[in-house]
Amino acid sequence: MNNLFKGAALFIGGAIAGAAAALLLTPKTGEEVRKEIADLAQDVKKSAQDYCEQMKKELTDKVAELKAPKEAKPQPESKKASKKNTEA
C-alpha cells in the first residue's frame, strides 16, 4: 500500500511540474498564464480530493472486512475421535 501512495505522489508531482513548465514556457501574457495556473491548481486539488476519498473508502472497507467475525469453519475431527469411531 505504501508503494501505491509513493507512486501516486510521484505521478501527481510530475504532472504538476510538467504542466507548470509548459505554461511558463509558452508565449502568453501574464494574466493568461496566471489564469491557467489557477485552473490547473483547481484541477489538481479536485484530483487529490477524489483520490483521498477513494483511498478512504477502500481503507474503511478493508477495516470493516478485518473487523467482521470470520465465518465458522467446520473443525476437522481429532485423530482420537476418528480412531474411537473405527474401533467401535
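The values are calculated or read from the model by the stated rules, or taken from the named source; none is laboratory data. The structure presented is a predicted model; accordingly, all values stated were derived computationally and were not measured. In this analysis, Cβ positions are derived from the backbone assuming ideal geometry, glycine residues included, and neighbour counts consider all displayed protein chains.
Using beta carbons and a limit of 9 Å, which pairs, at least six apart or on different chains, have the first residue in region 3-14 and exposed (fewer than 11 other Cβ atoms within 10 Å of the Cβ) and modelled with pLDDT under 80 and the second one assigned to a helix (DSSP H, G or I) and among the hydrophobic types (A, V, I, L, M, F, W, C)?
Listed pairs, sorted by first residue: L4/M55.
Under 9 Å by Cβ, and 6 or more places apart or on different chains, what pairs join a residue from region 43-68 that is part of a helix (DSSP H, G or I) with one that is surrounded by 10 or more Cβ atoms within 10 Å (Cβ to Cβ) and among the aromatic types (F, W, Y)?
Within 9 Å, the pairs are M55/F5.
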